[in-house]
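Notes for the one structure printed next.
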């Protein structure tokens, strides 16, 4: 196990992995943006897939770097980078990242990607609702809470099931996980 | 979807197959107790948050909140156009035929306009960039003349 906190130097295999996962989250942000949604406020959260897969692949420093890059990518794609709306994305993503990484560290293999994903998605949406009540909508935000949290549960569950199946069958992922354990 | 490296032909468990977790077979999902606990916790959070979220008593009405935290209340059954001042400019809220919608907005993403019109208590339309929040309250407590609009 090498240095757990620093961002890896370019060229090192972990840096390539971080670059790949970042690119994947950019790409998935764009895909998410293109998919028509039944409700405009719905989000699928598929751009979180790299973060979910990365709990076993990256140490905490690069993992948080991936979270930051995901926020940047998402804000670039949706055009909210220099508005305060990006603050919601930032808070939600970092909360999800910390919760997911924490759950993996705490529970190890006793929780699969399904549980990790649900915790991440719901906590991300919960933080955004709290932020919405503090920054913009005040008490009215309590009305959006049930919908938002239920959405997080549903999309988190779906993404978790996908990630768990992907992890079980992907050789690339198996190899990356081997490498990560060093 | 999935990473490009995934299409490696047949998926037999090679020598480098994952050995660590309770090695689930590909395609079979094996959930743990903590997975169930996480889902249950999330579900109960959803349930708790829905308690008392909506003030459903009284006449059906439109409540509009603006960037300054002020709220305006209008009856849902009177057609009206309400301009709401936000940080980006004027958002127009239109009450028409017992439904309410954000008709125009100066925001870049137009999510609020795309959300369309709402008419039932608990429904809401929000514009995050221009900080306008429109919701419908009331209208469910009197079972006698429910939803006259649908008859």
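The values are calculated or read from the model by the stated rules, or taken from the named source; none is laboratory data. Model, not experiment: these values are computed from the prediction. Please note: Cβ atoms are built from the backbone with ideal geometry, for glycine as well, and neighbour counts cover all protein chains shown.
Specify the residue that is nearest to the other protein chains (Cβ to nearest Cβ); the eligible residues are those in the range B:32-67 that are in contact (Cβ under 8 Å) with a residue 12 or more places away in the chain and either over 15 Å from residue B:133 (Cα atoms) or out of contact with any strand residue (DSSP E or B) (no Cβ under 9 Å at 6 or more places or on another chain) (or both).
Of the residues in the range B:32-67, the ones in contact (Cβ under 8 Å) with a residue 12 or more places away in the chain are B:53-67.
Those still in the list that are either over 15 Å from residue B:133 (Cα atoms) or out of contact with any strand residue (DSSP E or B) (no Cβ under 9 Å at 6 or more places or on another chain) (or both) too: B:53, B:55-60.
Details: B:53: 5, B:55: 9, B:56: 11, B:57: 15, B:58: 16, B:59: 18, B:60: 15 Å.
Only one residue fits best here, namely B:53.
When residue A:180 is evaluated against the numbered criteria (1) crowded, with 18+ Cβ neighbours inside 10 Å; (2) modelled with pLDDT under 95, which criterion, by number, is the only one it fails?
Exception for residue A:180: condition (1).
Could we say that residue B:46 is within 34 Å of the chain's Cα centre (by Cα), at pLDDT 90 or above and buried (at least 17 other Cβ atoms within 10 Å of the Cβ) here?
Working: within 34 Å of the chain's Cα centre (by Cα): yes; at pLDDT 90 or above: yes; buried (at least 17 other Cβ atoms within 10 Å of the Cβ): yes.
Yes.
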